[in-house]
Amino acid sequence: MSFSSQGFSSDIVRALTECGYEKLTPIQQQAIPHIRRGEDILAHAQTGTGKTAAFSLPILQQLLDNPKPRSKANVRALILAPARELADQIANNIESYSKYTDVSVAAVYGGAKMSSQERKLQAGVDVLVATPGRLIEHLELGNVSLANLEVLVFDEADRMLDMGFIGAIRSIMNGLSAHPQTLLFSATSSAQMNALAQDYLRKPKRIIVNAENSTASTVAHVVYPIEEERKRELLSELIGKKNWKQVLVFVNYKETANEVVKELKLDGIKAVLCHGDKAQSARRRALDEFKTGKARVLVATDVAARGLDIQGLPHVVNYDMPFLAEDYVHRIGRTGRAGQQGHAVSFVSRKEELTLVQVEKLIQQRIRRVVLDGYEPESRDALLVKMHSKPAYKNRQGRTNNANESNAESQSSAEGRVRLMRALKRRSKK
Ligand code: AMP
């Protein structure tokens, strides 16, 4: 299905063609007609499905169909997102889609100067992308008004709830005088999410794409059993020998990220970092360098990489297995997109074997093991036999391997624990 058949203006279609979009993705096919009819929607879709265009293209078309003069501090469409990187990315996408129109777009989020954001808001903006906390600051200062809001989007609503934004969201919603068309996008559902949907959506159309625990069939999964202390060497060797050009490496700790980058640099491989200690500007620079090919490797923690638009990659490496098996699916979702072949590589030390088993169960697939000459882990078979015979192992319910380690990146380990608790709760309810 083409974008021109959806009644989008030629200015939008031209911009989409430049973005390389030819056909609608499944979420776009399902969501766009409802949004164009002015209906509320509740969509279960992850990053990478094309959800940003699914909600922003109908918004842009509505703004073009009903042109209104911009007025002081006024906002016509508001998109709430959990993190600054995501907010930035959404705004960038919308700017690309609207580049041949005069629609104005701005993003406001914490960690950036209020004053420059205030200036942007002063004149009024057609589409505002915001994190909830910073939006409230601007609302309280009178820098922005939602009195004439026509469309409201919750993007990655589950992450916003996970991050404790429910109070901020409710206070934003309670301040609205009329009911804007409301679109809620979330990768997962929960009781809190259902309550949010019930309170703020009117007869929403439910849309579901991509089962949560599935990985694309175009991804080849490989595991390298390896001693923990030899992972760095193995990474350098694989990237160098196999001549991988663009590799996203996931680690669990920021200390590990620093060490890995150092090691790769020693081997002459240009690598950049993305973790919670890095300033926003540094993270963005790293991402740009990675996307444009100036850096061959991006080493990231889950928290920092969450929501970043780094899809369609040829190689994703789990240098550490994730704390939760579900995160394997999210990480690997960055590769094997849109029918391209993807490559998901996991380094698995002894202590990570348990997580690997959970991952295989979750994705319902046994992952091919490759032992590289010279990197054979010692006495691995004996260890595995012993481990599998333990009753405690057989009855294991949790999915973490090392979530409580003392050197854990505080944000990821705290979040890991919260998510583990939620996963366990969900399981015990089943
Ligand atoms: P999202 O789920 O919105 O983060 O989008 C994931 C990726 O898919 C982004 O890189 C988009 O630029 C890209 N994308 C979105 N819609 C399409 C489309 N119809 N055709 C090709 N790529 C798309």
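The selection criterion, being at pLDDT 95 or above, more than 24 Å from the chain's Cα centre (by Cα), of a type in the set (Gly, Ala, Ser) and more than 10 Å from the ligand (Cβ to nearest atom), does not hold for SER4. Residue check: LYS241 meets all listed conditions (1) more than 19 Å from THR335 (Cα to Cα); (2) under 19 Å from the mean Cα position of the chain (by Cα) but one, namely (2). So which residues in the stretch 7-25 are in contact (Cβ under 8 Å) with a residue 40 or more places away in the chain, away from the ligand (no atom under 11 Å from the Cβ) and open to solvent by less than 50 Å² (accessible area, probe 1.4 Å), if there are any at all? Passing the criteria: GLY7, PHE8, SER9, ILE12, ALA15. Selection over the stretch 26-53 of residues that are free of Cβ contacts under 8 Å to residues at least 60 places away in the same chain and either away from the ligand (no atom under 14 Å from the Cβ) or open to solvent by less than 40 Å² (accessible area, probe 1.4 Å) (or both) gives a count of 7.
What helices (runs of 4 or more DSSP H) completely inside the stretch 141-224 contain at least 2 residues that are among the β-branched types (Val, Ile, Thr)?
On the way: elements: 157-162, 166-174, 191-200.
Correct list: 166-174.
Does ASP102 fit the bill of being free of Cβ contacts under 8 Å to residues at least 24 places away in the same chain, open to solvent by 50 Å² or more (accessible area, probe 1.4 Å) and acidic (Asp, Glu)? For ASP102, the condition - free of Cβ contacts under 8 Å to residues at least 24 places away in the same chain, open to solvent by 50 Å² or more (accessible area, probe 1.4 Å) and acidic (Asp, Glu) - is met. Among the residues of the stretch 287-311, those that are modelled with pLDDT under 90 and of a type in the set (A, V, I, L, M) comprise LEU287, VAL303, ALA304, ALA305, LEU308, ILE310. Applying the criterion of being away from the ligand (no atom under 12 Å from the Cβ), at pLDDT 95 or above and open to solvent by less than 40 Å² (accessible area, probe 1.4 Å) to the residues of the stretch 74-97, the residue that is farthest from GLU18 (Cα to Cα) is ASN74. For the stretch 55-67, the tally of residues that are touching a residue at least 60 places away in the same chain (Cβ under 8 Å) and either within 15 Å of the ligand (Cβ to nearest atom) or within 19 Å of the chain's Cα centre (by Cα) (or both) stands at 4.
Results for (1) acidic (Asp, Glu); (2) at pLDDT 95 or above; (3) in contact with a strand residue (DSSP E or B) (Cβ under 9 Å, 6 or more places away or on another chain); (4) crowded, with 17+ Cβ neighbours inside 10 Å, shown as yes or no for each residue.
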{"position": "LEU161", "(1), (2), (3), (4)": "no, no, yes, yes"}
{"position": "GLY175", "(1), (2), (3), (4)": "no, no, no, no"}
{"position": "PRO204", "(1), (2), (3), (4)": "no, yes, yes, yes"}
{"position": "GLU212", "(1), (2), (3), (4)": "yes, no, yes, no"}
{"position": "VAL219", "(1), (2), (3), (4)": "no, no, yes, yes"}
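The values are calculated or read from the model by the stated rules, or taken from the named source; none is laboratory data. Small disclaimer: the values here were computed from a predicted structure and weren't measured. Counting neighbours? That spans all protein chains shown, and the Cβs are built from the backbone with ideal geometry, glycine included. Surface areas here come from the heavy atoms of the whole protein model, side chains and all, with no ligands, DNA or RNA. Shrake-Rupley method; radii C 1.70, N 1.55, O 1.52, S 1.80 Å.
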